[in-house]
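Q: My questions all concern the structure below.
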Amino acid sequence: MMPRNRWCRANGRLTTREIERRRRPTDEVHGYRDPVSSILIIEDDQRIRQSLSNRLAERGHEVEAVGTAMSGVESAVSGRFDVVVLDLGLPDLDGAEALRMIRAISEVPVVVATARDDEVEIVRLLNAGADDYVVKPYSAEHLEARLRAVLRRSGSEPEQRVITVGQIVIDLDAQEARFEDRPLDLTAREFELLAYLAERSGTMVSKRQILAEVWHQPYGGADKTIDVHLSWLRKKLGESAADPKYILTRRGVGVRLVDPDS
C-alpha cells in the first residue's frame, strides 16, 4: 500500500515536505500505525518548533506550528485541531494569558510546555484550564505520550477501526491484516473478502451477498471465483476445506468466519 502524504505547517507556512507514515506500533504486540491526530504547536523557538513538527508529522500526525500567542489563539479556537501544545514563554503575550483566551472560547485540550518544574505554577496552570503539562526539555516521544493520554481522557482520540476474530487482527484503515501476530500477505480482493466476513463474524453469509458487496456483482454467476478466493484465504490461515478452523462453509447456504476457540 502506498504511504499517505502528510503536510507539516511550520511558521504558519505550508511546506512541501512529504512525510511517509512510519509503521510505528501503537501496540507492541499487533504493530499497527497510530490513528492520526491534528496537533497545533504554539512555540516561539524556531528550532524547537521545527523539530517537534517534523517528529510528530513523521509519526503520522497532522501538525501546524506557529510562533506567537495571538496567531496561536486564533488557530486554537478555529475547531481544526484535536489538541494544542502551548509554550508559556511567548514573545507577544504571556502563555498563561493565551491559555485563558483559548479557554474562554474553546474546550480544545491544551498541554502547556514550561521551563519551570514548580508545583505552584503547574497547579495554577491546571486550574486555569490546562489539561496537562510537560517540563522542558522533553522529547517528541514524551510529548506524544502526554498528548495521547489527554486525547483519551477527552474522548477526542481518533478511533482506530480494528476487527479481531481469534488470532486474526484486521486494521481497516491501514488495510492490513495479521494472523498469529504475523502479517498476512493478501491481495486487495482477499483483504476485502476477509474484512467483510470478519465484520459479520459468526454469521452465515450467502455467496450472493458476497458477490454483491465484495465483487459488486449483484446478479450472481461467479461462485467459482469466491471458492477460489476462499481457498487462498484458507491456505494463508493454515487450514483447508477438509479441516476448516476459521472459514466454515455450508453447501447451498453460505460462508461464515468464526473464532475456533469460542
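Q: For Gly129, indicate whether it is within 27 Å of Arg59 (Cα to Cα), in a loop (DSSP other than H, G, I, E, B), of a type outside the set (Val, Ile, Thr) and in contact with a helix residue (DSSP H, G or I) (Cβ under 7 Å, 6 or more places away or on another chain).
A: Taking the combined requirement at face value, the residue does not satisfy it.
Q: Only one of Arg146, Arg124, Arg103 is exposed (fewer than 13 other Cβ atoms within 10 Å of the Cβ) and on the phi < 0 side of the Ramachandran plot. Can you tell me which?
A: After applying the criteria, what remains is Arg124.
Q: Output the number of residues of the stretch 236-262 satisfying the condition of being more than 30 Å from the chain's Cα centre (by Cα) and not in a loop (DSSP other than H, G, I, E, B).
A: The qualifying residues number 5.
Q: Right, here's the next one. Give all pairs with beta carbons closer than 9 Å in which a residue from the stretch 87-102 that is farther than 15 Å from Ser75 by Cα meets a residue that is among the β-branched types (Val, Ile, Thr) and modelled with pLDDT under 90; count only pairs at least 6 apart in sequence or on separate chains.
A: Partner pairs satisfying both residue conditions: Leu88/Thr114; Gly89/Thr114.
Q: Let me ask something else about it. Name the residues in the stretch 188-247 that are among the charged types (D, E, K, R) and either buried (at least 19 other Cβ atoms within 10 Å of the Cβ) or at pLDDT 90 or above (or both), would you?
A: Those that are among the charged types (D, E, K, R) and either buried (at least 19 other Cβ atoms within 10 Å of the Cβ) or at pLDDT 90 or above (or both): Arg189, Glu190, Glu192, Lys207, Asp227, Arg234, Lys235, Lys236, Glu239, Asp243, Lys245.
Here's the yes/no breakdown for (1) of a type outside the set (A, V, I, L, M); (2) touching a residue at least 40 places away in the same chain (Cβ under 8 Å); (3) in contact with a Pro (Cβ under 7 Å, 6 or more places away or on another chain):
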position: Arg182; (1), (2), (3): yes, no, no
position: Asp185; (1), (2), (3): yes, yes, no
position: Ala195; (1), (2), (3): no, no, no
position: Ser201; (1), (2), (3): yes, yes, no
position: Val205; (1), (2), (3): no, yes, no
position: Trp215; (1), (2), (3): yes, no, no
position: Thr225; (1), (2), (3): yes, no, no
position: Tyr246; (1), (2), (3): yes, yes, yes
position: Asp261; (1), (2), (3): yes, yes, no
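Q: Also, I was wondering about something else. If I go through the stretch 135-194 residue by residue, how many of them are assigned to a loop (DSSP other than H, G, I, E, B), closer than 30 Å to Arg47 by Cβ and not polar (S, T, N, Q)?
A: Qualifying residue count for the region: 5.
Q: Does Glu119 satisfy the criteria of being surrounded by 14 or more Cβ atoms within 10 Å (Cβ to Cβ) and farther than 18 Å from His61 by Cβ?
A: no
The values are calculated or read from the model by the stated rules, or taken from the named source; none is laboratory data. Fair warning: this is a prediction, and the values are worked out from it, not measured in the lab. Cβ: placed from backbone, ideal geometry, glycine included. Neighbour counts: every protein chain shown.
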